Amino acid sequence: MAYEESESTPFQKGFAAGKRNAWDEPADKAFRYQGHPQGARWLASRLIEQGVDMAYAYKPLYDPGLPHSILNTLLFLDYDRKGFEVPVVPFAVNCYGSKVISNRGGILPHKENGKLLEPDPPGPSIKRCMQVGAATARALQESPWRVALVASSSWSHAFLTEKNHFLWPDIESDRAMFEALQAGDYDAWGKVSTPQIEAAGQQELLNWACLLGAMAELDRKPEVLDYVETYVFNSNKCMAVFRP
């Protein structure tokens, strides 16, 4: 996203609307973030040159702010509210898969005129996301800028895991992915199929797959900071850094 800047009101959106937040900030509080159009255009061009059919945008089409997947990351990166002045190039990945849109973001299949909606096309494979991440790393190594790559997502989501009656995440599948991550076994991630990802409610791991593809290209190994499992809340969490 080659935005000059963006302004978002995260506490008026989606599940956060009308709820108390960790900072006790008012619901109408707006956050403004600086973009980096030059860097975004440069990266999109380098990816296209490497065979990645990269889409890009200069302004939002519907919502004037950033999507929650990117906005939440920025809120937490400035948890102490000292201000976030680093230019941001949002990089969107289709983590919806074949169910989220047709289910209208809910748990159960959505019906129109009494008929179930057809499943949507699947999202990209983990393998392809890792290839895009590797291409991104190669491009950025040649860039004139100092860059931090950040991937943010929860892991398995309860509301996407039908085999657990939509009550808890796929603990076992997340543990398998975590063990591979901890061992730096990126090849194991690349072998996981799209049907496996969707059955485990792990669609958001595609964000991590892009990052792991980049880290594999740069030969960086993870330092796991924390891994949190739950049978009560919606999703498992993992935090890791990949130091130079």
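The values are calculated or read from the model by the stated rules, or taken from the named source; none is laboratory data. Because the structure is a prediction, the values reported are computed rather than measured. Virtual Cβ from ideal backbone geometry, glycine too; neighbours counted across all protein chains shown.
General observations
- Picking from residues in the stretch 39-80 that are hydroxyl-bearing (Ser, Thr, Tyr) and in a helix (DSSP H, G or I), the one that is modelled with the highest pLDDT is Ser45.
- Failed item in (1) under 29 Å from Trp23 (Cβ atoms); (2) under 18 Å from the mean Cα position of the chain (by Cα), with Ala55 passing the rest: (1)
- Remark: pairs (first residue in the stretch 204-226, under 14 Å from Lys191 (Cα atoms); second residue hydroxyl-bearing (Ser, Thr, Tyr) and at pLDDT 95 or above; Cβ separation under 6 Å; 6+ apart in sequence or on different chains) = Leu212/Tyr186.
- Subset of the stretch 152-166 [at pLDDT 95 or above and hydrophobic (A, V, I, L, M, F, W, C)]: Trp155
- If you go through the stretch 198-231 and keep only what is β-branched (Val, Ile, Thr) and at pLDDT below 95, you end up with just Val224.
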